[in-house]
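Mind looking over this structure? Questions follow.
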Amino acid sequence: NAGVTQTPKFQVLKTGQSMTLQCAQDMNHNSMYWYRQDPGMGLRLIYYSASEGTTDKGEVPNGYNVSRLNKREFSLRLESAAPSQTSVYFCASSGRAGGPNTGELFFGEGSRLTVL
Amino acid sequence: AQSVAQPEDQVNVAEGNPLTVKCTYSVSGNPYLFWYVQYPNRGLQFLLKYITGDNLVKGSYGFEAEFNKSQTSFHLKKPSALVSDSALYFCAVRDFGSDTNAGKSTFGDGTTLTVKP
């Protein structure tokens with residue numbers, strides 16, 4: 001099993017450009033998440049999807065959109081990139097509470113985005 | 001609202017000595033608490049969790065954590081540190097809310113553990 005797979009691993013954008021980060025999980029998890037990691041600020045939740053067909057805003061949703069394409073895939077889109085969106089982005093998934101892996105998140109390897 | 005505090009940005013210990021990485025939390029209701037480890041240029045990996053039951057939880061790589069409800073703490077510990085334990089450690093609290101699928105995790109800012117030979 002690959003777990004959680006994110007693409008691309010690295011990306012450089014110019015201010016105003018758009019791009020989509022892709023995420024897929026093969027663990028049959030219901031919930032998927034997008035976090036950003038900035039030095040000294042831990043991980044901050046951008047958007048999450050509790051189940052297929054639903055998405056909700058997290059702590060820092062401005063400037064981002066998401067799509068839960070199916071149970072496996074959850075994409076993050078930057079419509080008009082800004083330098084403040086330079087960060088490392090992590091996708092994560094988790095199973096249903098009460099299941100064998102109750103509550104813990106499984107993370108991808110991250111996508112490093114630089115906006116010039 | 002839920003929150004997590006990791007009061008130390010950096011913890012330095014000598015190899016073979018015990019280590020403690022501190023975490024305190026704030027959450028309404030019963031907390032679900034987690035520790036994750038991140039190695040350079042990698043994603044976070046799950047170490048251990050407290051859901052219910054024994055206050056001392058054992059996890060991967062010889063780590064354990066003690067849940068203390070009265071002090072709202074969940075400190076990570078290891079009896080004998082290894083150089084390979086050097087990494088960034090995150091404490092997290094999860095709220096399952098009214099829908100057991102919807103739980104969002106809130107993370108602390110992380111503590112860098114350095115174990116010196």
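The values are calculated or read from the model by the stated rules, or taken from the named source; none is laboratory data. Every value quoted in this text rests on a predicted model; they were computed, and no experiment measured them. Here the Cβ positions follow ideal geometry from the backbone for every residue, glycine too, while neighbour counts run over all protein chains shown. Accessible surface is based on the protein model in full, side chains and every heavy atom, while ligands, DNA and RNA are left aside. Shrake-Rupley method; radii C 1.70, N 1.55, O 1.52, S 1.80 Å.
Rundown of residues vs (1) touching a Pro at 6+ places or on another chain (Cβ under 7 Å); (2) within 10 Å of chain B (Cβ to nearest Cβ); (3) open to solvent by less than 10 Å² (accessible area, probe 1.4 Å), yes/no style:
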| residue | (1), (2), (3) |
| --- | --- |
| A:Cys23 | no, no, yes |
| A:Asn28 | no, no, no |
| A:Gly40 | no, yes, no |
| A:Ile46 | yes, no, yes |
| A:Arg68 | no, no, no |
| A:Pro83 | no, no, no |
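Does at least one position in the stretch A:80-102 carry a residue that is over 21 Å from B:Cys91 (Cα atoms), among the hydrophobic types (A, V, I, L, M, F, W, C) and not in a loop (DSSP other than H, G, I, E, B)?
No - not one qualifying residue is present in the stretch A:80-102.
Where in the stretch B:1-68 are there strands (runs of 3 or more DSSP E), lying fully within it, with 1 or more residues that are closer than 21 Å to B:Ala81 by Cβ and open to solvent by 50 Å² or more (accessible area, probe 1.4 Å)?
Strands (runs of 3 or more DSSP E) meeting the threshold: B:10-14, B:19-21, B:44-50, B:56-58, B:64-68.
Would a scan of the stretch A:57-66 turn up a residue that is of a type in the set (Gly, Ala, Ser), within 15 Å of the chain's Cα centre (by Cα), within 12 Å of another protein chain (Cβ to nearest Cβ) and buried (at least 21 other Cβ atoms within 10 Å of the Cβ)?
no
Which count do you get for residues in the stretch A:1-41 that are aromatic (Phe, Trp, Tyr) and farther than 14 Å from A:Phe74 by Cβ?
1
For A:Arg77, work out the one condition from (1) touching a Ser or Thr at 6+ places or on another chain (Cβ under 7 Å); (2) open to solvent by less than 40 Å² (accessible area, probe 1.4 Å) it doesn't fulfil.
Result: A:Arg77 passes all but (2).
Suppose we filter B:Ser80, B:Ser84 for residues that are in a loop (DSSP other than H, G, I, E, B) and either more than 14 Å from every other protein chain (Cβ to nearest Cβ) or within 13 Å of the chain's Cα centre (by Cα) (or both); which single one remains? Walk me through it before giving the result.
Details: B:Ser84 fails: in a loop (DSSP other than H, G, I, E, B).
The match here is B:Ser80.
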